[in-house]
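The values are calculated or read from the model by the stated rules, or taken from the named source; none is laboratory data. Computed from a predicted structure; not experimentally measured. Don't worry about glycine lacking a Cβ; one is built from the backbone with ideal geometry, like all the others, and counts go over all protein chains shown.
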Amino acid sequence: MARLILNPERERSLLRRHPWLFESAIARLQGRARPGDTVELFAHDGTPLGRAAYSPESRIRARMWTFDSNETIDDAFFKRRVAMAVGRREMLPELRDRDGLRLINAESDNLPGVIADRYSADRYGDTVVLQLSSAGADKWRRAIAGALVAATGCTRIYERSDSDVRALEGLEPVTGWLHGEAPAETVSVIEDGIRFQVDVTGGHKTGFYLDQHDNRRLLGTLVTGKQVLNCFCYTGGFTLQALAGGAAGVHSIDSSAPSLALARSNLALNAGLPSARAEWQEADVFQTLRELKTRGRSYDVIVLDPPRLAPTAAHAKRAARAYKDVNLSALRLLNPGGLLMTFSCSGGIGVELFQKIVAGAALDAGRDARIVRRLSGSADHPVGMAFPEGEYLKGLLLQVD
Ligand code: SAH
């Protein structure tokens with residue numbers, strides 16, 4: 001096995017169990033290693049630090065598999081790690097009855113670059129969607145898939161390794177059935193009594209934003225008799241929960257025609273929901289919010305769940321302007337006493353900065369507002385203690401005067 005020797009003092013983050021090793025921390029590679037190969041890590045003074053996946057193309061040159069320098073990285077290793085991640089979900093009562101569940105949350109579950117989401121509302125068995133985004137994860141695809149089958153008994157696994165971050169690791173997109181075959185019907189998930197179809201092959205990421213489960217449920221409890229605006233509605237998650245919660249009307253906006261088509265189809269699928277109260281609009285949210293103000297529209301509850309505007313801290317400044325703009329426009333549309341549920345899923349923007357941006361937007365909108373809840377991802381999206389980068393979803397529930 002090749003050895004990676006670190007520069008002096010650069011083992012500190014590893015000793016705190018942070019799983020990434022940047023190129024600048026590395027003094028030299030002893031021996032040969034190809035992308036995804038397991039390498040042994042040593043501090044400058046020769047202290048062994050553990051084993052990692054090597055990724056020569058990426059600025060994150062190695063991702064730790066284990067901090068135990070005696071642990072072998074093989075099929076059995078992945079079987080143990082995957083079983084532990086799945087077991088963590090089974091331990092939490094709130095997750096036990098969920099058929100839409102993130103089973104593996106990458107670094108935060110000690111499996112760098114590995115995401116696995118399970119959808120199991122179907123008569124014809126469970127579907128797991130697997131996303132591999134690092135060279136190490138890519139190399140161990142068969143072991144990881146086998147471990148998932150062993151831990152969950154799932155009927156099929158679809159690989160959706162097509163996120164843009166793969167390019168940073170020098171990896172091509174990979175998609176297709178890894179285990180089992182395509183099901184006869186569209187995959188679906190039931191969330192708090194509402195059925196959503198999930199486009200596992202063509203939808204965003206793994207097909208459904210499971211991290212918003214708790215927040216969609218919360219919205220359902222806040223909207224009885226209210227006029228709701230759901231911005232960036234995707235396949236209708238917040239919209240359908242608002243309709244189920246008794247909203248008087250829900251106006252939903254997204255720029256993606258296929259997402260809106262699936263959202264409408266999801267509404268039709270749930271016969272008990274009042275479809276006449278839903279208004280769908282294919283448009284750019286940033287522009288449309290200003291137009292709605294000009295047209296004199298207003299709402300009691302607004303949801304803002306934009307796509308990732310700042311993937312890394314380097315994008316934070318420009319993204320901050322966009323977040324401020326969209327929050328400001330939304331705050332201007334709120335009726336007195338109205339609620340804004342606003343989110344950021346940008347890794348590059350921390351909780352504190354997000355709150356500052358939204359506070360600035362309220363000030364500029366001339367609205368006095370207070371935070372009534374801080375919001376985060378659901379419990380099946382844990383955040384590793386030494387891995388703040390894993391906290392993607394952050395949100396605020398604000399009430400304006
Ligand atoms: N709230 C959703 C997830 C939102 S994902 C849920 O709970 O399922 C972000 C969505 O924003 C995507 O559907 C994407 O199509 C949409 N989007 C991206 N840029 C947009 C823009 N400028 N205007 C409107 N929608 C946009």
Cβ-Cβ distance below 9 Å, separation of 6 or more or different chains: which pairs start in region 72-99 with a residue that is within 16 Å of ILE115 (Cβ to Cβ) and end on one that is at pLDDT below 95 and buried (at least 18 other Cβ atoms within 10 Å of the Cβ)? ARG89/ARG98
Counting just the residues of region 275-287 that are in contact with a strand residue (DSSP E or B) (Cβ under 6 Å, 6 or more places away or on another chain) and more than 16 Å from ALA261 (Cα to Cα), which one comes out surrounded by the most Cβ atoms within 10 Å (Cβ to Cβ)? VAL285
So PRO336, is it closer than 24 Å to TYR392 by Cβ, exposed (fewer than 14 other Cβ atoms within 10 Å of the Cβ) and not acidic (Asp, Glu): no
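Being closer than 16 Å to LEU267 by Cα, among the aliphatic types (A, V, I, L, M) and away from the ligand (no atom under 11 Å from the Cβ) is the filter here, so list the residues in region 190-227 that pass it.
ILE190, ILE194, listed by residue number.
Please work out if LEU331 is over 30 Å from ARG59 (Cα atoms), outside any loop (DSSP other than H, G, I, E, B) and away from the ligand (no atom under 16 Å from the Cβ).
On the way: over 30 Å from ARG59 (Cα atoms): yes; outside any loop (DSSP other than H, G, I, E, B): yes; away from the ligand (no atom under 16 Å from the Cβ): yes.
In short, yes.
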Give the residues of region 232-252 that are surrounded by fewer than 24 Cβ atoms within 10 Å (Cβ to Cβ) and either near the ligand (Cβ under 10 Å from one of its atoms) or charged (D, E, K, R) (or both), sorted by residue number. PHE232, TYR234
Go through region 367-401 and count every residue that is farther than 27 Å from ARG88 by Cβ, basic (Lys, Arg) and assigned to a strand (DSSP E or B). 1
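In region 36-90, what residues are basic (Lys, Arg) and not in a strand (DSSP E or B)?
Residues of region 36-90 that are basic (Lys, Arg), as a first pass: 51, 59, 61, 63, 79-81, 88-89.
Once the filter is applied, which keeps residues that are basic (Lys, Arg) and not in a strand (DSSP E or B), region 36-90 yields ARG59, LYS79, ARG80, ARG81, ARG88, ARG89.
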Test: residue in region 157-169 that is within 16 Å of the ligand (Cβ to nearest atom), of a type outside the set (S, T, N, Q), at pLDDT 95 or above and in contact with a Phe, Trp or Tyr (Cβ under 8 Å, 6 or more places away or on another chain): no
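Would you check if there is a residue in region 265-274 being crowded, with 18+ Cβ neighbours inside 10 Å, among the hydroxyl-bearing types (Ser, Thr, Tyr) and within 29 Å of ILE190 (Cα to Cα)?
Here is the first cut: in region 265-274, the ones crowded, with 18+ Cβ neighbours inside 10 Å are 266-267, 273.
Filter once more, so that each one left must be among the hydroxyl-bearing types (Ser, Thr, Tyr): none.
No: region 265-274 contains no residue that is crowded, with 18+ Cβ neighbours inside 10 Å, among the hydroxyl-bearing types (Ser, Thr, Tyr) and within 29 Å of ILE190 (Cα to Cα).
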For region 308-323, enumerate the residues that are surrounded by fewer than 18 Cβ atoms within 10 Å (Cβ to Cβ) and either among the hydrophobic types (A, V, I, L, M, F, W, C) or at pLDDT 95 or above (or both). ALA313, ALA314, ARG321, ALA322
What about HIS204, is it within 21 Å of the chain's Cα centre (by Cα), more than 23 Å from PRO35 (Cα to Cα), at pLDDT 95 or above and buried (at least 17 other Cβ atoms within 10 Å of the Cβ)? no
Which numbered condition ASP368 misses (of (1) within 16 Å of the ligand (Cβ to nearest atom); (2) over 18 Å from ARG308 (Cβ atoms)): (1)
For a quick check of your reading of the model, give me the residue pairs whose first member lies in region 230-257 and is in contact (Cβ under 8 Å) with a residue 40 or more places away in the chain, whose second is of a type in the set (Lys, Arg) and more than 7 Å from the ligand (Cβ to nearest atom), with beta-carbon atoms closer than 6 Å and at least 6 apart or on different chains. ALA247/LYS226
When every residue in region 351-401 that is more than 23 Å from LEU218 (Cβ to Cβ) and in contact with a His (Cβ under 8 Å, 6 or more places away or on another chain) is compared, the one surrounded by the fewest Cβ atoms within 10 Å (Cβ to Cβ) is ALA386
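Listed here are the residues, each with its yes/no results for (1) surrounded by 24 or more Cβ atoms within 10 Å (Cβ to Cβ); (2) not acidic (Asp, Glu).
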| site | (1), (2) |
| --- | --- |
| MET64 | no, yes |
| PHE67 | no, yes |
| ASN70 | no, yes |
| ALA76 | no, yes |
| GLY87 | no, yes |
| ASP109 | yes, no |
| SER120 | no, yes |
| ASP126 | no, no |
| ALA147 | yes, yes |
Kindly indicate whether any position in region 145-153 is part of a loop (DSSP other than H, G, I, E, B) and away from the ligand (no atom under 16 Å from the Cβ). yes
